[in-house]
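Report on the following structure.
A short reminder: the numbers here are calculations on the coordinates, not readings from a lab. The structure presented is a predicted model; accordingly, all values stated were derived computationally and were not measured. Methodologically, a virtual Cβ is constructed for each residue, glycine included, from the backbone with ideal geometry; neighbour enumeration extends over all protein chains shown.
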Number of protein chains: 2
Amino acid sequence: MEEVLQKVKEASRVVATLNSGIKRKVLNEMADALEKNAKSIIEANKKDLDYAKEANLSNALIDRLLLDEKRIKAMADSLRDIAKLKDPVGKIIDGWKLDNGLEIQKVKIPIGVIGIIYESRPNVTSDAAGLCFMSGNACILKGGKEAFHSNSVIIEILRYVLEKNSLPEDIVSLLPDYSRSGVEWLIKQDKYVDLIIPRGGEKLIKFVSENSKVPVVKHDKGLCHVYIHENANLKDGAKIALNAKVQRPGVCNAMETLLVDRKIAGEFLPVIKEMMEKEGVELRGCEITLEYIDIKPATEEDWHTEYLDKILSIRVVDGLEDAIEHIEKYGSGHSDSIVTDNLKAAEEFLNRVDSACVYVNASTRFTDGGVFGFGAEVGISTNKLHARGPMGIDDLTTYKYKIIGNGQVRE
Amino acid sequence: MEEVLQKVKEASRVVATLNSGIKRKVLNEMADALEKNAKSIIEANKKDLDYAKEANLSNALIDRLLLDEKRIKAMADSLRDIAKLKDPVGKIIDGWKLDNGLEIQKVKIPIGVIGIIYESRPNVTSDAAGLCFMSGNACILKGGKEAFHSNSVIIEILRYVLEKNSLPEDIVSLLPDYSRSGVEWLIKQDKYVDLIIPRGGEKLIKFVSENSKVPVVKHDKGLCHVYIHENANLKDGAKIALNAKVQRPGVCNAMETLLVDRKIAGEFLPVIKEMMEKEGVELRGCEITLEYIDIKPATEEDWHTEYLDKILSIRVVDGLEDAIEHIEKYGSGHSDSIVTDNLKAAEEFLNRVDSACVYVNASTRFTDGGVFGFGAEVGISTNKLHARGPMGIDDLTTYKYKIIGNGQVRE
């Protein structure tokens with residue numbers, strides 16, 4: 001196993017210095033190769049599906065596993081999109097000259113070796129490999145056990161294209177030990193791996209964050225709030241809350257808890273109840289909410305819960321302070337929104353809510369690398385350091401200082 | 001203990017929103033208060049010194065512990081310097097508008113609660129507190145046990161000034177448990193602490209990096225190289241190597257290993273031997289080096305050793321590739337320099353050596369926040385992520401996205 005990582009590390013030095021043109025060419029060839037080899041991918045995928053059915057995995061899981069021609073085309077197109085991104089490597093992000101004539105440049109460079117640990121969906125394999133490659137990184141991938149056969153074939157195809165271009169195939173590598181103990185081992189290899197990105201369930205992310213010796217950028221849960229302030233345009237408030245809840249309830253930037261100012265609760269709650277219930281949303285309210293509308297009572301547990309489903313908890317709050325306090329206590333620092341026409345309240349909320357994305361008068365659903373204009377998305381980081389919020393390939397780089405002199409020494 | 005951190009976390013929310021003007025005023029008052037209370041600091045410092053002598057600590061350690069009027073004035077002046085720095089908080093580092101009218105701002109904000117673990121020198125206490133305060137962070141400090149009394153009085157004085165300004169004194173806090181188990185506990189408190197910065201010996205840094213659940217920015221060793229390329233101006237090469245070794249041998253940006261191209265070894269080595277030995281530097285060479293000059297042989301151990309002393313290991317290499325390979329294998333990613341007049345070699349070295357600071361024709365001794373123009377220095381990070389190389393107060397911030405709309409929802 002250590003030998004595998006040694007090779008990935010060596011390969012990382014090669015991919016780090018490739019020109020954008022070569023990277024774009026290889027990515028496009030990778031896309032073509034995936035489409036050309038669709039048949040063998042589908043065959044391998046069948047093995048995974050058979051195993052999944054035997055193991056009685058849920059239909060939702062099986063659907064996420066499934067690859068067909070259409071989905072393989074989508075994977076290929078995604079690589080083609082990545083090939084069009086602006087190459088972050090080599091960008092001079094700062095530069096100045098010292099009194100003694102030394103020229104300092106702060107330059108973006110690849111991180112090195114990135115370990116990505118993810119679950120079931122095999123399209124993540126080519127996405128992750130493509131994003132790492134375009135940003136000049138080598139990667140070691142550990143997908144879901146259920147997708148082992150599909151992932152192996154996909155990786156094989158990508159490596160074949162690398163080899164054909166006289167590049168080290170280890171630039172894209174699969175972790176050989178696909179078990180839990182493989183992950184346990186990988187996250188201790190700080191000698192070879194520079195960054196670990198876990199994508200998946202809460203348990204996986206908790207385990208990796210707590211045990212990794214390698215720096216981790218995690219893509220943790222989104223317990224997002226929309227707060228309807230007393231000076232809100234209630235029509236906008238209802239529209240935004242509805243969108244944040246139902247437009248796509250299963251994703252991390254969907255709203256889970258609605259906070260309603262007491263001053264407008266009587267007017268707002270009956271309206272939102274009707275709108276939400278019409279969309280099939282189950283509502284759970286705090287004691288005060290229940291004085292206004294007849295819904296299920298919420299428990300303490302509800303404020304902590306990322307439903308990822310058509311369920312919404314509602315709490316009536318006494319003003320801005322109370323709302324911010326609730327978000328501080330129960331939020332996950334992902335995306336939170338205030339609906340208000342009051343400038344001071346908007347500024348307070350923007351400044352004091354400690355989340356990656358803080359909104360005024362807009363749906364939390366906009367937290368997305370694609371929407372933000374980053375092109376293909378690595379994910380949405382819930383880290384506070386290195387990368388926060390939507391991550392593009394820019395966030396798969398670090399920097400170094402290049403200092404050019406002509407004989408300067410320190411006095 | 002947990003209660004202490006809860007209070008620091010609460011205090012961090014207050015300091016995060018302070019205007020620069022207030023921060024500057026408080027820092028200047030802190031400086032005045034240190035000078036005014038010099039007597040009680042010196043008294044407390046005596047207790048630490050007595051204990052240190054009883055414990056038979058080395059004279060060097062005792063000297064580092066010692067505080068007198070002059071050193072207290074230096075601490076105060078350092079706070080005054082910090083008060084003059086540009087406030088990073090609130091800086092808009094990027095901003096754009098989406099097609100739908102949403103305005104996105106990427107804004108620098110404080111990190112939150114920063115834990116700083118350091119050894120003996122009590123002046124670090126006021127420096128660290130000042131840097132965290134100016135960048136809008138609360139801090140929890142754990143200094144050396146030997147400096148407990150000095151640190152306690154310094155912190156008390158800083159907290160008194162906070163209180164006098166109606167600010168929560170917990171913005172600057174001392175870890176109550178000053179033992180190893182206190183550190184062990186602190187680095188697990190990711191609920192309250194956002195960043196740990198360990199400064200000190202290799203053992204401390206290794207322990208913290210390997211066991212922390214909180215993100216760590218480490219200030220690890222500097223095993224720096226100077227490589228004299230075949231196309232070097234040898235006079236510059238000798239001057240740069242000498243400066244990198246002897247100008248201040250005990251610091252992390254001093255050179256520890258000199259790499260000499262075989263093609264100029266015969267000419268260069270006798271010259272550098274004479275210069276180094278004149279400065280009292282002990283030389284240790286590889287087998288080939290010994291063919292040219294009569295010095296002690298180097299062992300494998302030498303290439304791994306950060307001497308922090310007037311000792312230098314010398315290796316003859318076969319060209320650029322060999323030099324880069326040596327640095328890759330033995331370097332610590334801190335600062336490395338090539339001396340050459342060959343443009344292609346310079347570019348190869350700059351691009352391929354994976355260190356925080358890579359130099360052409362200059363001494364490694366320039367790696368320093370002050371020299372780089374960052375003002376007061378937090379330290380020199382050997383992390384690859386978040387902050388790399390010299391760290392100024394800018395690196396004690398992270399960012400958030402502020403998104404301002406007028407009712408936008410996602411289609």
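Of note:
- Cα lying deepest toward the dipole's positive end in region B:15-83, options B:A55, B:M30, B:M75, charges on Cβ: B:M30
- Contact order normalised by residue count of region B:224-370, Cα under 8 Å, 6+ apart, percent: 33 percent
- Candidates B:D220, B:D190, B:D170, ranked by Gaussian network fluctuation over chain B, Cα under 10 Å, top entry: B:D190
- Here B:I92 yields copy-to-copy label distances, from shortest upward, of 2.6 nm, the label point defined as 7 Å from Cα along Cα to C-beta.
- Phi-derived couplings, Karplus 6.51 cos²θ - 1.76 cosθ + 1.60 at θ = phi - 60°, listed residue by residue for region B:110-117: x, 6, x, 10, 10, x, 10, 10 Hz, with x used for Gly and Pro.
- When the listed pairs A:K191/A:K213; A:K235/A:K263; B:K9/B:K384; B:K53/B:K310 are checked against a 19 Å cut-off, the alpha-carbon distance exceeds it for B:K9/B:K384; B:K53/B:K310.
- Antiparallel DSSP beta bridges within the protein assembly as shown, as percent of all bridges there, nearest 5: 25 percent
- For the protein assembly as shown, a crude dipole built from +1 on the beta carbon of Lys and Arg and -1 on the beta carbon of Asp and Glu, taken about the Cα centre, is about 840 debye to the nearest 20.
- Taken about its Cα centre, region A:224-370 carries a charge dipole of about 500 debye when Lys and Arg each add +1 at the Cβ and Asp and Glu each add -1 at the Cβ.
- Förster radius 51 Å - calculated FRET efficiency between B:K188 and B:E267 (Cβ-Cβ, nearest 0.05): 0.35
- Selection from A:G370, A:L234, A:V281 lying farthest towards where the dipole of region A:224-370 points positive, charges on Cβ: A:G370
- Distance to the A-onto-B rotation axis is smallest for one chain A Cβ; residue and value in angstrom are A:H386, 2.
- Label distances, nm, A:G407 versus same residue in remaining copies, Cβ-directed 7 Å point: 7.1
- Spacing of the modelled spin labels on A:T17 and B:E43, each 7 Å from Cα toward Cβ, amounts to 6.4 nm.
- When only alpha carbons are used to place a centre, region B:242-312 and region A:263-340 end up 69 Å from one another.
- Chain lengthening between A:I311 and A:A60 when straightened (0.36 nm per residue, less Cα-Cα): 88.5 nm
- Taken one residue at a time, the phi angles of region B:301-317 give Karplus couplings (6.51, -1.76, 1.60, θ = phi - 60°) of 3, 4, 5, 8, 9, 8, 5, 6, 7, 7, 10, 9, 9, 10, 10, 8, 10 Hz. Gly and Pro are set to x.
- Among the cysteines of chain A, those with no neighbouring cysteine Cβ under 4.7 Å are A:C224, A:C252, A:C286, A:C357.
- Taking B:V378, B:V153, B:V89 as the candidate residues, the one with maximal mean-square fluctuation in a Gaussian network model of chain B, Cα springs under 10 Å, is B:V153.
- For chain B, relative contact order (Cα pairs under 8 Å, six or more residues apart, normalised by length) works out to 17 percent.
- In sequence order, calculated HN-Hα J values of region A:274-290 (Karplus, 6.51, -1.76, 1.60; Hz; x Gly/Pro): 4, 4, 5, 5, 4, 8, x, 8, 7, 10, 10, x, 6, 4, 5, 4, 5
- Starting from the label point of B:K73 at 7 Å along Cα→Cβ, the same points in the other copies fall at 8.0 nm, in ascending order.
- GNM top mover of B:I82, B:I62, B:I104 - chain B, alpha-carbon springs below 10 Å: B:I104
- Amide H to amide H, with H built 1.01 Å from N, B:M255 comes under 5 Å of B:K245, counting only residues 5 or more places away or on other chains.
- Around the amide H of A:V216, modelled in the peptide plane, lie the amide H atoms of A:I196, all under 5 Å away and 5 or more residues distant in sequence or on another chain.
- Cβ charges +1 (Lys, Arg) and -1 (Asp, Glu), total dipole of region B:292-411, debye: 720 debye
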